[in-house]
1. Just going by the charge dipole of region D:1-52, with Lys and Arg at +1 and Asp and Glu at -1 on Cβ, which of D:Ile38, D:Ser5, D:Ser50 is farthest out on the positive end?
2. Less than 14 Å apart at the alpha-carbon level, and either on another chain or at least 8 residues along: which aspartates and glutamates does that give for A:Lys149?
3. State the volume of the convex hull built on the alpha-carbon positions of chain D, expressed per residue in Å³ and rounded to an integer.
4. Highest mean first, what order results for B:149-159, A:60-70 on Cβ atoms within 10 Å?
5. Which entries in the list C:Lys164/D:Lys164; B:Lys3/B:Lys55; B:Lys39/D:Lys39; C:Lys55/D:Lys55; B:Lys26/D:Lys55; B:Lys3/C:Lys124 go over 27 Å, if you measure between the two C-alpha atoms of each?
6. Quick one: work out Rg over Rh on the C-alpha atoms of region D:1-52, Rh as Kirkwood radius.
7. With the convex hull built on the Cα atoms of the protein assembly as shown, state its orientation-averaged projected area in nm².
8. What is the order of D:Glu184, A:Glu7, fewest Cβ neighbours within 10 Å to most?
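What follows draws every value from the coordinates through simple rules; no lab data is involved. Please read all numbers here as calculations on a predicted model, not as lab measurements. Heads up, the Cβs are rebuilt from the backbone with ideal geometry, glycines too, and the neighbour counts pull from every protein chain shown.
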There are 4 protein chains.
Amino acid sequence: MPKISDEKRAARRAQILNAAWTCFQKEGLHATTMDDIIKASGLSAGAVYSYFPGKSDLILAAVTTSLTDLTALVLPLFSVSPPLSETELLRQITANVARFSMREGFDLRRIALLGWSEAQRDDKLRATMNGFYQAFRARLVQAAEEWKKRTPDGASVSEEDVAKTLLALILGFVVQSAIMGDVEPENLESGLDGLARLRG
Amino acid sequence: MPKISDEKRAARRAQILNAAWTCFQKEGLHATTMDDIIKASGLSAGAVYSYFPGKSDLILAAVTTSLTDLTALVLPLFSVSPPLSETELLRQITANVARFSMREGFDLRRIALLGWSEAQRDDKLRATMNGFYQAFRARLVQAAEEWKKRTPDGASVSEEDVAKTLLALILGFVVQSAIMGDVEPENLESGLDGLARLRG
Amino acid sequence: MPKISDEKRAARRAQILNAAWTCFQKEGLHATTMDDIIKASGLSAGAVYSYFPGKSDLILAAVTTSLTDLTALVLPLFSVSPPLSETELLRQITANVARFSMREGFDLRRIALLGWSEAQRDDKLRATMNGFYQAFRARLVQAAEEWKKRTPDGASVSEEDVAKTLLALILGFVVQSAIMGDVEPENLESGLDGLARLRG
Amino acid sequence: MPKISDEKRAARRAQILNAAWTCFQKEGLHATTMDDIIKASGLSAGAVYSYFPGKSDLILAAVTTSLTDLTALVLPLFSVSPPLSETELLRQITANVARFSMREGFDLRRIALLGWSEAQRDDKLRATMNGFYQAFRARLVQAAEEWKKRTPDGASVSEEDVAKTLLALILGFVVQSAIMGDVEPENLESGLDGLARLRG
DNA sequence: GATGAATGAGTCTTCATTCAT
DNA sequence: AATGAATGAAGACTCATTCAT
């Protein structure tokens, strides 16, 4: 098969995935019907099914894609030089999540909530998400190790726990802003600072 | 059958809600059919529908109940004397959430994830959840005010932001432990401490 | 059993029938649920079922009642002295039907259409209605005989056919005014006159 | 399955409509279940629903079709040359209705009664039927104008009222023959004649 | 390969009727 | 005798998936 065909295949896949994403976000995972996606994609039912064996695969692919896109957005933040401080990293990550959420009608936060819910039922999806979050947290652990090295008297700090705490803050930011809608990256930065000062 | 007593009505309602909760948790909100709930409740379809007008009401009631139960569990923590410190409050809240999650096979965290997802589609549910979280965060603001008073040099701390940050930590704990399953209340306590020390 | 009890029974029956009539008219025969009637009657389900074995009996009774009421309204017209002319009788009958239709929200024409439709399915109802219409047409035949006697040269007139024609006019008036709503008794009188003149 | 031809689509539609008509007539409009129609049509539920969005549309289409078929049967009678007399037109119309009623097991009169009843509840259906009868009556008015022109001394005749009277006779014929079953076109012709003679 | 019509098991919900209290 | 909660068999309609053309 010539190369064009492969490109076309990839384009078609992206086209379907895009349609699925839009629908999922607007209607939720279960309220979206295959027909919605088929219509939105502009292809035929048979065509869609030739790219994805079933609805659950489409869901998995959509969530995976959004996770991958997010990774591409966030990973560079770990490699800037000089490395970002904890406060700065948290602010940038949450800011990126918030910014990504506004893009072209795709709200990453909604997709995240939908995905978490679906992961309760779908083993494959849960495994995929788990893997992604593990990898992400591993990067946070690495970053924490860096900060630790630079901190005199930081030997007793658990980089694992710091990573878990940062991840909790990020995920909690996603939920809180999706449900309540009145949280900005700066709030966490200020709150974290306040919390430290209140503890003395 | 003559008029049923109020207690019996309430008991029946609870019986149905209990069945629904069990099913929702096992299967997810949409994958659970009314028939599942009907069978699990041990009642007839008509009986279930005489207590709840439809499936969405059952979902709303199930989520509301779990939210109410959680409130009952967590609210007392704000009233202990002497008041808990921020670290202690966070640890106790997350510990209660984790403990509640293990109770009688009901996992509050799963219900929470399912509810958040459903709230994207169901306006009534979203309003209910929003109200609950607003009230909860207001209590956190109050607590932060207390801490602020006791902190010399704490005047510039934003209690709003502290509350948002604590809520983010709690919600993030729920997500992280539901999806990844390897987070304990102590991790957040230690991580928050480490974070403060790394910041200098 | 004392007399009071019987009276009470009759009153209850009427109360139920009244409720049924109102519902049937507003919603149609099938769209009306037993619960609608029960609620409208102010009695309990059991009470209603102790007076009428089932919904079809209620329908039969409601139609029969309306037919009976109509009879009471129309029959006297055949006994007035001196007897009414054909034109006058037709006008008075249709006028009574129209007037009855306006009474207290009960529209006899609607009940008639509903009853005819139901009679297609319900043998008992069909038999009842058939009997009523036969009796009514027999009265028309009698009236036609009278007119015939008074008409010189009327020997060859078929009183049966005159009666069928008058009945067709009355029933057609009911349908036309129920569906189209722009027919008055006078129209038929004038139309019949015109028809005669056009025939030469 | 590739795109189906227009003829095939129309044939399928007719097939379903035919099944619906048969069922409606046998069982009545509401007693007929979608499953009855689906079974009778030989198609699947999904197929039927892809041609008709719901039961009420099927009812509307069935009634509309029967009305259209009837129009095709009756309209030519208004265009014969030389024009039919009032008596003749009435006889031919009723005769056609009666004949149509016998065709292939479809009884137009029953459909008419069912439709009138349903029109009480269904606005769309009522509007459709009203439109049809208005058009039909307009043709009767036209015919009456013709008769009027040919009648010396006919100037004062109201063609509107003549049309309303003729329509009442036709509709009344339908009801009377459907419910009582002992009326023939000739009866009306003779009765109308007798009525004129009795009036002097 | 692509199409989209067709499938049919499955969903939520209703409602005439019963019968325990 | 009266009540009204409970029953459960239908009913209308949906939708992921297939496969004839």
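1. D:Ser5
2. A:Glu86, A:Glu159
3. Value for chain D: 143 Å³ per residue.
4. Packing proxy ranking, top to bottom: A:60-70, B:149-159.
5. B:Lys39/D:Lys39; B:Lys26/D:Lys55; B:Lys3/C:Lys124
6. Answer for region D:1-52: 1.02.
7. For the Cα atoms of the protein assembly as shown, the hull's average projected area reads 51.7 nm².
8. Final ranking by Cβ density, sparse to dense: A:Glu7, D:Glu184.
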